[in-house]
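S.K.: I'd like to ask you about the structure that follows.
The values are calculated or read from the model by the stated rules, or taken from the named source; none is laboratory data. Nothing here was measured: the structure is a model prediction, and the numbers come from that model. Glycine also receives a Cβ, built like all others from the backbone with ideal geometry; neighbour counts cover every protein chain displayed. Ligands, DNA and RNA are excluded from the accessible area calculation, which covers all protein heavy atoms including side chains. Shrake-Rupley method; radii C 1.70, N 1.55, O 1.52, S 1.80 Å.
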Amino acid sequence: MKYILAAIAYLLLPGMGATPAVAEPSPDADLEIYRDYFKKRFPDFTAENYSLGMYNFNEDKRSQWEAIMDFPPYEVVVETGEKLFNTPFKNGKTYAECLQNGGIGIAHTYPRFDAETGKIKTLSMAINECREANGETALNLLKGDLPAMLAYLAETSRGKPIDIEVPDDPRALAAYQDGKRIYFTRRGPRGFACYHCHWEAAGSRIRGNELSPAIGQATNFPAYRSKWGAMGPIQRRYKGCMRNVGAKPLKEGEGGMNNLEYFHRRLSNGLPSNAPNNRF
Amino acid sequence: MTYTVTKSFASTLIFGSFLLSHGAFAAEEAKTAVEQGKELAVNLCQACHHFEGTEQAGTVAPPLVAMKARFPERQKLYEIIYDPHVATKSHTMMPPFGRNGLVDDNQIQLIIDFLYTL
C-alpha cells in the first residue's frame with residue numbers, strides 16, 4: 001500500500017505526467033493583456049494611430065502616404081471588385097446569395113470559425129466556395145479578381161469595429177491557440193518570430209522600415225501596396241514578411257496560415273476597419 | 001616527336017601562374033580583414049544596429065560604438081555573434097548567426113576585426 005501511495009506522490013510531482021498542464025488564458029484574457037501592453041508602450045495612441053501603424057513613426061513616409069490617399073489607387077480596384085461581385089455566374093446565381101447579408105457589411109467579422117468543417121474560413125475562401133458551389137473554378141487567393149472583390153466587400157465594412165469571434169467550441173479555441181503559437185514561435189535560420197518586430201520592437205526601425213505595432217495592422221487589409229502594384233489580402237503580406245525574415249512562408253488558405261490570420265486579426269478587435277487601404 | 005621543356009620556359013610558366021593567382025585578381029586579395037568585416041557588417045548587422053558609416057541602419061538594437069572598450073575580450077564578442085541567446089542568456093531577437101550557419105567562424109573573426117575599429 002505504501003508503495004502505491006509513494007507512486008501517486010511521485011506522479012503528482014510537477015512534470016511527472018499526472019499534473020494538469022498550465023491553462024492558457026482565454027482569448028478575451030489574452031486581448032486584455034495585449035491591449036494593456038500596447039497601452040503602456042504607446043499611451044497616447046488613439047484608434048487612428050493604431051491603424052496608421054508605421055506611419056506614426058516617420059513623418060516623411062506619413063506625408064507621402066497622405067498625399068497618395070488624396071487619390072488612392074485602391075478606389076479603382078473597389079469599382080472593379082464591385083462589378084465582379086455583382087456579375088452573376090453562368091448559372092444565373094450570384095455571390096450575394098451565398099453570403100450573409102449579401103456580403104455587405106460582413107468583411108470585418110472574417111475570418112470566422114466554421115462549425116461544419118471545424119476550421120477557420122476567410123472571406124476569400126467563402127467567395128471561392130460560392131464559385132465552386134455554382135460550377136465556377138476557384139480563384140487565386142492572393143492576386144487578381146478575388147482581392148478586388150475582397151476590396152469591395154471590405155469597403156462596405158469601413159468604419160465597423162473588427163469583430164473576430166472565438167466561439168465556445170474547443171476546435172475554435174484550438175485554431176486560435178495554434179495561430180497564437182505560430183505568432184510567437186521563432187521561424188527560419190534567423191529565428192525571428194512575428195512578435196519580435198511587432199511587439200517589443202514596434203516603433204523602432206529595421207533597416208529602412210519602421211515597425212508597426214501588432215494591434216491595428218489588420219484593420220488596413222486588404223491593402224493596395226505600391227510594392228505589389230496591386231490589391232492584396234493580408235495573407236499575401238504574411239507570406240512576404242515571412243520571406244523577408246528568411247522563413248519559409250506558410251501556404252495561403254489553409255491550416256496554420258488561416259489560424260495565424262484568426263489570431264492576428266483578433267488583436268485588432270474593436271478597432272474600426274480601415275480597409276481597403278494604401279501602403280508602400 | 002619529343003618536346004624539350006627548357007628551364008627558362010618552365011620558370012616562366014611557374015612564375016606566370018604565380019602572378020595570375022596572386023596578382024591578376026588582386027582586387028579580392030587586397031581587401032584587408034577590416035574591409036571584409038565591414039562588408040559583412042553592412043550586410044548582416046546594419047539592419048538592426050547603427051554604426052559609423054551606415055546610411056540605412058536600424059534602431060531596434062544598441063548602436064555599435066566603442067566596441068574595443070566595451071568588449072575587450074574578443075571571445076565574448078565571438079560568443080554573442082555565434083549564439084546571442086546563449087551568450088546573453090535572453091530571448092533576444094538577435095539571430096544566432098554562427099549556430100544557424102549564417103556566417104562561419106572566419107567571417108565572425110572578420111566582423112570582430114571591423115567592430116574593433118568602431
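S.K.: Six or more apart or on different chains, Cβ under 6 Å: which pairs go from a residue in the stretch B:86-100 that's in the same structural domain as B:Leu44 (by TED's automatic domain parsing) and in contact (Cβ under 8 Å) with a residue 24 or more places away in the chain to one that's in a loop (DSSP other than H, G, I, E, B) and open to solvent by less than 50 Å² (accessible area, probe 1.4 Å)? Could you list them?
M.R.: These pairs meet every condition: B:Phe97/B:Val103.
S.K.: Which members of the stretch A:159-186 meet the condition of being of a type in the set (Val, Ile, Thr) and closer than 16 Å to A:Pro111 by Cα? Break it down into steps so the answer makes sense when it comes.
M.R.: Initially, the stretch A:159-186 is screened for residues of a type in the set (Val, Ile, Thr), giving A:162, A:164, A:166, A:182, A:185.
Once the filter is applied, which keeps residues that are of a type in the set (Val, Ile, Thr) and closer than 16 Å to A:Pro111 by Cα, the stretch A:159-186 yields A:Ile162, A:Ile164, A:Val166.
S.K.: Restricting attention to the stretch A:106-144, report how many residues are among the β-branched types (Val, Ile, Thr) and over 19 Å from the mean Cα position of the chain (by Cα). Step through it out loud before you land on a result.
M.R.: Step one: list which residues in the stretch A:106-144 are among the β-branched types (Val, Ile, Thr), which gives A:106, A:109, A:117, A:120, A:122, A:127, A:137.
Now restrict to residues that are over 19 Å from the mean Cα position of the chain (by Cα): A:117, A:137.
Summing the residues that are among the β-branched types (Val, Ile, Thr) and over 19 Å from the mean Cα position of the chain (by Cα) in the stretch A:106-144 gives 2.
S.K.: Would you point out the residue of the stretch A:130-177, among those that are touching a residue at least 24 places away in the same chain (Cβ under 8 Å) and among the polar types (S, T, N, Q), that is least open to solvent (accessible area, probe 1.4 Å)?
M.R.: Ranking the qualifying residues of the stretch A:130-177, first place goes to A:Ser157.
S.K.: From the set of residues in the stretch B:36-73 that are in contact (Cβ under 8 Å) with a residue 24 or more places away in the chain and either loosely packed, with under 15 Cβ neighbours inside 10 Å or in contact with a Cys (Cβ under 6 Å, 6 or more places away or on another chain) (or both), which is nearest to the other protein chains (Cβ to nearest Cβ)?
M.R.: The qualifying residue nearest to the other protein chains (Cβ to nearest Cβ) is B:Val60.
S.K.: Identify all residues within the stretch B:74-92 that are in a loop (DSSP other than H, G, I, E, B) and surrounded by 15 or more Cβ atoms within 10 Å (Cβ to Cβ); write none if there are none.
M.R.: Once the filter is applied, which keeps residues that are in a loop (DSSP other than H, G, I, E, B) and surrounded by 15 or more Cβ atoms within 10 Å (Cβ to Cβ), the stretch B:74-92 yields B:Asp83, B:Thr92.
S.K.: Say whether the condition of being part of a helix (DSSP H, G or I) and either basic (Lys, Arg) or open to solvent by less than 50 Å² (accessible area, probe 1.4 Å) (or both) is met by at least one residue in the stretch B:93-110.
M.R.: The answer is yes; a qualifying residue exists.
S.K.: Find the residue count for the stretch A:57-70, including only residues that are under 21 Å from A:Leu150 (Cβ atoms) and in a loop (DSSP other than H, G, I, E, B).
M.R.: Final tally of qualifying residues: 1.
S.K.: Does the stretch A:82-139 hold any residues that are aliphatic (A, V, I, L, M), outside any loop (DSSP other than H, G, I, E, B) and touching an Asp or Glu at 6+ places or on another chain (Cβ under 6 Å), and which are they?
M.R.: A:Leu84
S.K.: Do we find that A:Tyr262 is more than 14 Å from chain B (Cβ to nearest Cβ) and either hydroxyl-bearing (Ser, Thr, Tyr) or under 26 Å from A:Glu48 (Cα atoms) (or both) in this structure?
M.R.: When the stated conditions are applied, A:Tyr262 passes them.
S.K.: Please state which one of A:Arg205, A:Arg225, A:Arg186 is within 14 Å of another protein chain (Cβ to nearest Cβ), in contact (Cβ under 8 Å) with a residue 24 or more places away in the chain and either open to solvent by 20 Å² or more (accessible area, probe 1.4 Å) or of a type in the set (A, V, I, L, M, F, W, C) (or both).
M.R.: The unique qualifying residue is A:Arg205.
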